[in-house]
Structures are given as structure tokens and as C-alpha cells.
Amino acid sequence: MYAFLSRSPIRIKLLIYFVPILILSVVLTGLLSYLSAVKQLEKNAYYLLNDTVEQTGGFINDKFYTVFEQLVLIENNSAFRNIMENKGQAVDQRRYDDLIDLRRQFEEAYQNHFQIIDSIYVAFNNGRSFNLQKDFVPKHVGINLSDWMARYSNRDSQAGYYWLNRHVDEVFDTVETRNVVSLFKMIGSQESAVSGVALINMRESYIRNILLNVKVSPNGVLALISPDGVMYSKDLQSPYVISDKVMNEIRHSADAQGSLREVSQSDRPMMIRYTTLSLNHWKLAAIVPESDILSNASQIKTITLYIVVIILLVFGVVATLVASSLSNPIRFLSKQVKRVGKGDLNVSFRLNEQNEIGVLAQGLESLVESVRDLLDKVKDEQEQKRQIELLALQAQIQPHFLYNTLGSIKHLVDLGEKEKASTMVSALTQFFRIGISKGREVISVREEIEHVRNYLLIQHIRYSTDFEFEIDIEEGLLDLPIMKLTLQPIVENAIYHGAKNKHGRVLIRITGSRQGRLAVLEVFDDGAGMSKERLVQIQASIQSPTVEEVPVTFGLRNVHKRLVLQFGDGFGLRLESREGEYTMVSVSIPITMEEV
């Protein structure tokens with residue numbers, strides 16, 4: 001037998017050695033999979049259901065926490081406290097400042113989280129009330145504060161905070177009935193000298209869409225359960241309706257998470273998995289008919305059996321064909337491939353074969369050559385990118401700007417200009433927050449414009465007599481991706497080389513418009529401009545493939561190279577200028593089909 005095998009070609013050896021073993025392995029694997037599929041797949045389905053509930057619960061908890069933070073910010077606002085305690089009743093600047101500041105707090109909360117926040121309402125027992133709503137016009141706004149004090153004073157709460165599940169809005173009376181989810185803080189009590197309520201209504205549709213977008217099973221639903229009600233992602237079909245007793249059992253469960261096996265009102269077996277939201281202790285439950293889980297498991301089991309049969313058939317045919325066609329050339333190719341796998345690209349796959357093996361050998365030869373070329377190209381591009389990123393860091397890290405800004409803030413504080421100092425601190429904070437942007441290199445046009453706006457605001461406070469600025473970007477372009485720190489270096493040049501070098505007030509205008517398949521952003525200033533010779537010199541420095549020892553402009557060259565690297569040679573910066581009249585720098589961004 002050994003002598004026979006030693007003389008046999010590779011085709012016979014492959015068939016004798018591997019075909020029986022592989023057939024036996026496939027058959028045994030299929031048989032074991034068939035016997036254990038139902039149990040294991042059911043277990044996996046339960047694990048998946050548990051993960052879905054936990055992840056969805058964590059997501060909803062994060063959204064609730066976001067709204068909770070906004071309510072805390074409103075409550076801790078000094079203007080809120082002043083108005084509540086009747087400070088500044090006289091018609092003076094302080095009273096108006098409090099009203100404006102509280103309104104600003106409302107607007108900031110709504111603008112930052114308008115997807116989830118429906119409306120905001122604040123009322124005090126001194127008769128004052130404030131509200132914000134933008135998506136509807138109410139017939140009447142307000143509550144009976146005494147009734148609310150009596151209704152909620154004896155209810156359990158967390159430091160006076162109350163959560164209401166899906167309910168009809170009691171504060172904003174509208175023509176059409178509106179359902180909301182509410183968070184509010186009761187301040188004081190009926191006996192307190194100062195009392196009131198601060199409330200944020202959340203969009204019921206937003207919370208429901210979160211639940212609806214999570215598919216637990218064909219007939220399953222998610223339910224958000226609280227002491228005052230239940231919000232379902234969708235109505236349960238009649239055979240799967242769960243009794244109120246079961247829902248109360250989940251509602252009052254002391255366990256943070258758990259599972260229940262119950263029957264519906266139509267005696268259908270049901271699987272219920274629930275978890276507890278850490279913020280308000282509501283329960284999120286997935287209610288799934290067991291028939292859905294078993295159906296999925298049976299389908300996967302059947303598919304597994306079909307696959308095993310198909311693998312056996314395909315393998316029998318393929319093994320015969322491959323064993324009949326492969327011989328020494330495949331061993332040679334295998335050896336060479338192993339060398340490539342170890343990192344040796346200086347190998348040859350050339351063979352004298354004129355069949356498929358020959359084609360494969362030629363293809364591998366071409367592939368290795370392409371890999372070598374690609375690696376060389378990648379090394380060059382990486383080196384170029386590294387240099388550009390170093391320049392980007394030089395442009396981003398601007399200690400002189402931070403130093404001068406902090407000096408200006410101190411100067412404003414010394415002069416008693418606390419409002420301007422506060423504005424500058426806030427703008428500086430936003431400037432560096434967006435500049436850092438959690439390490440992201442690509443941000444939206446909206447964030448880039450906000451970054452530039454904060455930079456201009458800081459510079460405008462410092463040099464208020466030198467320039468004014470305008471920003472006009474088409475709404476449809478604000479969500480396009482753009483490389484971080486694209487516009488700020490251009491605006492900085494406009495200030496330091498356009499505004500400062502010209503007597504009189506200079507206008508800096510930032511515009512954005514769509515031109516065909518491109519989004520064009522332009523930074524214009526009617527400052528000192530530049531001569532034709534200087535314009536040519538700057539353009540040559542920007543487009544130079546190598547970094548000069550003393551570049552004409554770090555910032556503009558950095559922006560141009562990053563744009564070329566991101567979008568290709570057809571993109572970058574375009575400069576126009578006329579000495580003593582204006583300078584305009586244009587940036588073009590491609591608009592892909594997904595962004596239309």
C-alpha cells in the first residue's frame with residue numbers, strides 16, 4: 001500500500017487521503033449540528049434578545065439623561081434663581097438681563113436637542129411663568145401650580161424630580177391632542193414662601209421611534225414601563241396581548257433585570273426580558289412570542305442541513321476536478337505564496353504552463369508586482385501625509401492666539417467688562433472644543449462654521465475697530481463633511497493680512513453655495529489685498545510638492561495639501577486678489593450622491 005501510494009500521482013493521493021476524511025468530517029458536523037441546533041440557537045436567540053434590551057435601555061437612558069442635564073442647567077441658572085426669588089423687580093437692566101439669560105438658556109437647550117425636546121415651561125408662585133415651544137401654536141399655556149403641588153407632593157421622587165410616561169400634554173393646550181413624555185422638578189412645597197415648577201416635555205414620537213426601530217421579532221414589541229403607564233413600540237396583535245397583572249409584576253419587580261415566561265391572554269407562550277433604566281428606574285421590556293424564537297431556530301436548522309448536503313455535493317465534484325488538474329505546479333505556487341506570506345516579495349511565479357495554472361501564475365506574478373508598487377506608493381503617500389499632518393499640528397496649536405486671548409480676557413475683567421469677558425471665554429471654549437473634536441479629522445460644515453464663528457467672535461472683541469464679519473451658508477450644505485481646520489487658517493489670514501494692513505473698517509464675508517456637483521465655500525475680505533507678484537508667490541508656495549525651508553504661508557499650504565490628499569488633484573484652494581481692494585479664497589468640496 002505504501003509503495004502504491006508513493007508511486008501515485010498527487011491527484012490520487014489527494015483523493016485517497018483527504019476525500020474520505022473531509023466527507024466524514026462534514027457528515028459528522030452536519031449530524032451534530034442537526035442534533036444540537038435547536039437548543040443552541042434558542043440559547044443564542046435569548047442572548048441576542050437580552051443584548052438588544054440592554055443596549056436599547058442604555059440608549060434611552062442616555063437620551064433621558066441628556067434632557068435631565070438640560071433641566072438641571074435651567075434650574076441652576078442664576079437668572080432662574082433671581083426671578084424665582086423676585087429679585088430685580090424694578091424696571092432695571094438686571095431684570096432684563098435675567099429674562100434674556102433665562103430665554104437664552106431655553107433656546108440653547110432646544111437648539112442643541114430639538115430632536116427630543118418638544119417644549120419647556122417654568123412657573124413660580126410669584127405669578128411669573130416662562131415657556132418655549134416652536135412646532136405648534138397653543139391655545140393656552142399654563143397649569144394650576146397649587147393643584148400640581150398637591151398632586152405630586154406625596155409621590156416618591158428623586159430629589160423632587162418627576163418623570164411622566166406617555167400622556168396628553170397638560171401644559172400646552174393645542175387644537176389637536178398632543179402626547180408627550182415629561183420631566184419636571186417641583187421646587188418647594190405648598191407651604192414654602194418660594195415654590196414653582198420647571199418642566200421639559202419630550203417628543204413622544206422620538207421615544208416611540210427608538211422603540212419601533214428595534215426589531216426584536218416579527219410579532220414582538222418593546223414596552224417602556226413606568227409607575228404611571230406603558231409605552232409600546234407598536235400594538236401587540238390580539239393573540240399576544242399581555243395582561244395588566246404581568247405588566248404590574250414587571251413594574252414592581254425589585255430586580256434590575258430579569259426574564260419571565262408568561263402566557264398571553266390567548267394562552268400563547270411568551271418570553272419577556274426586561275431591564276431597568278438607571279436614571280428614573282423605569283423598566284424596558286421586550287415581549288416576544290416563543291413561537292417567533294422557535295421559528296427562527298427551525299429555519300436556521302433547516303438551512304444548516306441544506307448547506308451540509310450542498311457542501312458534500314459541491315465538494316465531491318470540486319475535489320475530483322481539482323485533484324485531476326493540480327500537480328507539481330500547485331506545489332510550486334504554494335511554496336512561493338508561503339514566501340510572500342512571510343514578507344518576501346522578491347519571488348517569481350513564472351511557469352511554462354499554458355493552462356489555468358499558468359494564468360494563475362501570471363496573475364500572482366502581476367499581483368506581487370502590483371503589491372510592491374502599491375507599497376512603495378503607500379510609503380510615499382504616508383510620508384507626505386505625515387509631513388502635512390505635522391504642518392497641520394503647527395497650524396492648530398497656536399499658543400500665541402491662546403496667550404493673547406487670555407490676556408484680552410484679563411484686560412476685560414480688569415475693566416469691569418464681565419459680559420464681554422464671559423462671551424470671549426465661552427467662544428474660546430467652543431473654539432477649542434470643536435478644534436479638538438474628539439480626534440476626528442473630518443467634521444461637518446456646520447461644525448467648521450461654528451468653529452470659525454467663535455474664532456471671529458474672539459478676534460472681533462479684541463479688534464472691534466478693525467473688521468466686521470458676515471456668514472451666509474446655504475442650509476443644504478451644513479451637513480456635508482469637511483476636513484477640520486479648513487476655513488480657520490483662511491479667516492486668520494484675512495484678519496492679519498487683510499484687515500490689519502488697511503486703514504478703516506474691513507468686512508470679512510464667508511459664503512457657501514452649491515455649484516453643480518460642488519459645494520463652494522468662499523472667504524472674502526475687502527482689506528489690503530495683494531500685488532500680482534505676491535499672489536503668484538503664494539500660489540507657488542501652496543502648490544509646491546516640497547516644503548520650503550521658510551514657507552510663505554504655513555496655514556494656506558497646509559489646507560491646500562490636505563484638500564488635495566482627501567479629494568484629489570482637482571481640488572484645493574483658489575485665490576483671487578487685487579491690491580488695495582480685496583482678497584477672496586475659495587474652497588470646493590465634492591457632493592456625492594449619498595449627500596444629495
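Ranked highest first by the average count of other Cβ atoms within 10 Å around their residues, in what order do 334-345, 18-29 fall?
Ranked from most to least packed, the peptides come out as 18-29, 334-345.
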**Request:** Under 17 Å from a label point 7 Å along Cα→Cβ of Asn50: give me every residue in the range 206-249 with its amide N that close.
**Result:** none
**Asked** How do Lys377, Lys500, Lys420 rank when sorted from fewest to most other Cβ atoms within 10 Å of their own Cβ?
**Response** Lys377, Lys500, Lys420
**Message:** Between Ser266 and Ser444, what is 0.36 nm times their sequence separation minus the Cα-Cα distance? Round to one decimal in nm.
**Reply:** 58.9 nm
**Message:** Could you check the spin-label model distance between Arg151 and Thr423? Points 7 Å from the Cα along Cα→Cβ, value in nm.
**Reply:** 4.2
**Prompt:** When the dipole is taken about the Cα centre of the range 62-202, and only Lys, Arg (+1) and Asp, Glu (-1) are charged at their Cβ, what size is it in debye, to the nearest 20?
**Reply:** 120
**Message:** Given R₀ = 45 Å, what would the calculated FRET efficiency be for Leu312 paired with Glu249, taking r from the Cβ atoms and rounding to 0.05?
**Reply:** 0.35
**Item:** Computed lengthening from Ile100 to Ile16, 0.36 nm per intervening residue step minus Cα-Cα distance
**Value:** 21.5 nm
**Prompt:** Once the dipole of the range 450-490 is set up with Lys and Arg at +1 and Asp and Glu at -1 on Cβ about the Cα centre, which of Ile471, Pro481, Asn454 lies farthest towards its positive end?
**Reply:** Asn454
**Cα-projected label distance for Gln40 with Ser189, points at 7 Å along beta-carbon direction, nm** = 6.2
**Message:** To make sure I understand the rule: partners must be aspartates and glutamates, Cα under 14 Å from the Cα of Lys43, and not fewer than 8 residues away in the same chain. Which ones qualify?
**Reply:** Asp51, Glu290, Asp292
**Request:** Please report, in Å, the Rg and the Dmax of the range 208-292, where both are computed over Cα atoms only.
**Result:** 11.9, 35
**Complete:** On the formula 1/(1 + (r/R0)^6), with r taken between the Cβ atoms of Asp228 and Arg81 and R0 of 22 Å, the FRET efficiency rounded to 0.05 is 0.15
**Asked** If the cut-off is 14 Å between C-alpha atoms, which aspartates and glutamates fall inside it for Lys234, apart from same-chain ones fewer than 8 positions away?
**Response** Glu204
**Request:** Taking the Cβ of Lys134 as the centre, find all other residues whose Cβ is under 11 Å away and add up their charges (Lys, Arg: +1; Asp, Glu: -1).
**Result:** -3
**Request:** Enumerate the aspartates and glutamates that Lys335 could reach by cross-link, defined here as Cα to Cα under 15 Å, with residues fewer than 8 away along the same chain left out.
**Result:** Asp344, Glu365
**Fill in**
The alpha-carbon center of the range 160-183 and that of the range 265-294 are separated, in whole Å, by 26
**Prompt:** Looking at the P(r) of the range 62-202, how many percent of alpha-carbon pairs lie beyond 21 Å?
**Reply:** 41
**Item:** Across Lys185/Lys283; Lys39/Lys283; Lys63/Lys134; Lys532/Lys561; Lys139/Lys185, pairs whose alpha-carbon gap is larger than 26 Å
**Value:** Lys39/Lys283
**Request:** Give the residue from Val67, Leu183, Gln115 lying farthest towards the positive end of the charge dipole for the range 62-202; charges sit on Cβ (+1 for Lys and Arg, -1 for Asp and Glu) and the dipole is referred to the Cα centre.
**Result:** Leu183
**Item:** Spin-label pair Gln543/Ser238, simplified geometry with 7 Å Cα→Cβ offset, distance in nm
**Value:** 7.5
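Give me Ile60, Ile242 sorted ascending by neighbouring Cβ count inside 10 Å, so fewest comes first.
Values: Ile60 20, Ile242 23.
Listing Ile60, Ile242 from fewest to most nearby Cβ atoms yields Ile60, Ile242.
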**Request:** Calculate the radius of gyration of the Cα atoms of the range 398-595 to one decimal place, then report Dmax, the largest Cα-Cα distance, as a whole number, both in Å.
**Result:** 17.1, 54
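Each value in this text was obtained by applying a stated rule to the coordinates, not by laboratory testing. Nothing here was measured: the structure is a model prediction, and the numbers come from that model. Glycine gets a Cβ as well: all are built from the backbone with ideal geometry, and neighbour counts include every protein chain shown.
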